[in-house]
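Notes for the one structure printed next.
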Amino acid sequence: MGNETQTQVPVLQAMHIEAGYGRRRVLTDVSFALEGGTLTALLGANGCGKTTLLKVLCRQLPYAGDCMLTGQALHTLSVRELARQISYIPQRTGIAISLPVLDVVLMGFNPVLGILEHPSKQQRQQALEALRTVGMDACAEQDYLTLSEGQKQLCILARAMIEHSVLLLLDEPESALDFPHRHAMMRLLCQMIEGTDKAALISLHDPSLALNYCRQILLLKDGVCIGSLRPDKNPLSDMQRVLSAIYGPVHLTAVGENGTRQLVMLPAENENGGYYAAHNPYFSARR
């Protein structure tokens with residue numbers, strides 16, 4: 001009896017999720033769990049349901065199935081409690097009015113402020129520190145609408161940093177960032193999540209970011225979760241097989257030593273001259 005271990009409740013547990021738009025089903029059977037301290041990537045081809053799933057998890061879309069957030073049914077949470085528990089960074093923020101960048105970050109405190117209550121001096125300092133962390137402190141007084149799309153994403157990431165939510169959802173945050181900022185963002189997310197009781201689910205276009213920064217990878221295809229990978233544990237051959245089911249034939253290899261090990265994924269060569277020759281009629285015709 002003394003050797004019994006207590007099972008940790010997942011931050012999020014989704015079971016047989018179905019969702020869509022009107023009569024069009026986008027997700028047909030999606031089940032997975034997100035453990036605390038884990039940064040999880042969501043991979044899949046365009047139109048597979050990645051954005052739809054994130055919208056379900058922050059309750060922007062109705063769904064069938066069961067979804068539990070820290071042991072509570074997601075549909076039972078009030079709007080205010082949901083805002084305290086979940087931070088969502090969409091592809092486009094939807095902010096269309098002129099506001100200083102600092103004020104946009106301070107919106108992260110709205111779920112814990114009372115009616116007509118203003119952020120405290122300490123909260124403003126926390127917001128400035130978050131901007132400094134993402135490299136945007138020099139833009140604190142700049143009009144948010146004048147920022148580039150990449151800068152807007154960093155600003156919203158700073159807002160998520162001060163929200164202290166247990167679940168962070170990000171929809172392709174790397175799409176508007178240049179190469180160094182993509183990797184800086186992923187390192188920052190790792191620092192935010194690892195060693196805490198929080199979890200993050202991030203939809204990504206770039207599989208290499210998922211393979212090298214995320215502890216877990218969920219793969220969506222045609223509205224179904226077809227696999228869950230652990231890059232630090234699964235054999236390369238197994239991951240290569242599952243990734244090929246989404247991206248076509250790919251080759252996965254590890255470079256560097258254990259301390260600096262990096263995973264690289266490239267289109268696999270075949271008798272037609274490679275992935276693009278096999279999947280792009282224009283390329284094949286030119287050959």
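The values are calculated or read from the model by the stated rules, or taken from the named source; none is laboratory data. Just so it is clear, the structure is predicted and the values come from calculations on it, not from any experiment. Positions of Cβ are generated from backbone atoms using ideal geometry, with glycine treated the same way; all protein chains shown enter the neighbour counts. In case anyone asks, the SASA skips ligands and DNA or RNA and just uses the protein heavy atoms, side chains included. Shrake-Rupley method; radii C 1.70, N 1.55, O 1.52, S 1.80 Å.
Scanning the stretch 148-158 for residues that are surrounded by fewer than 18 Cβ atoms within 10 Å (Cβ to Cβ) and either at pLDDT 95 or above or under 16 Å from LEU170 (Cβ atoms) (or both) yields GLU149, GLY150. Restricted to the stretch 12-75, the set of strands (runs of 3 or more DSSP E) holding at least 3 residues that are open to solvent by 10 Å² or more (accessible area, probe 1.4 Å) and of a type in the set (D, E, K, R) comprises 24-34.
Scanning the stretch 176-208 for residues that are polar (S, T, N, Q) and touching a Leu at 6+ places or on another chain (Cβ under 9 Å) yields SER203, SER208.
Filtered by the rule that a residue be within 20 Å of LEU128 (Cα to Cα) and either touching a Cys at 6+ places or on another chain (Cβ under 6 Å) or open to solvent by 60 Å² or more (accessible area, probe 1.4 Å) (or both), the stretch 89-102 gives SER98, VAL101. Part of a helix (DSSP H, G or I) and either modelled with pLDDT under 95 or out of contact with any Ser or Thr (no Cβ under 7 Å at 6 or more places or on another chain) (or both): is that true of ARG80 in this structure? Here the answer is yes, as ARG80 does meet what is asked. The residue that is surrounded by the fewest Cβ atoms within 10 Å (Cβ to Cβ), among those in the stretch 187-198 that are touching a helix residue (DSSP H, G or I) at 6+ places or on another chain (Cβ under 8 Å) and touching a residue at least 60 places away in the same chain (Cβ under 8 Å), is CYS190.
A single member of MET68, MET107 is closer than 17 Å to GLU18 by Cβ and aliphatic (A, V, I, L, M), and it is MET68.
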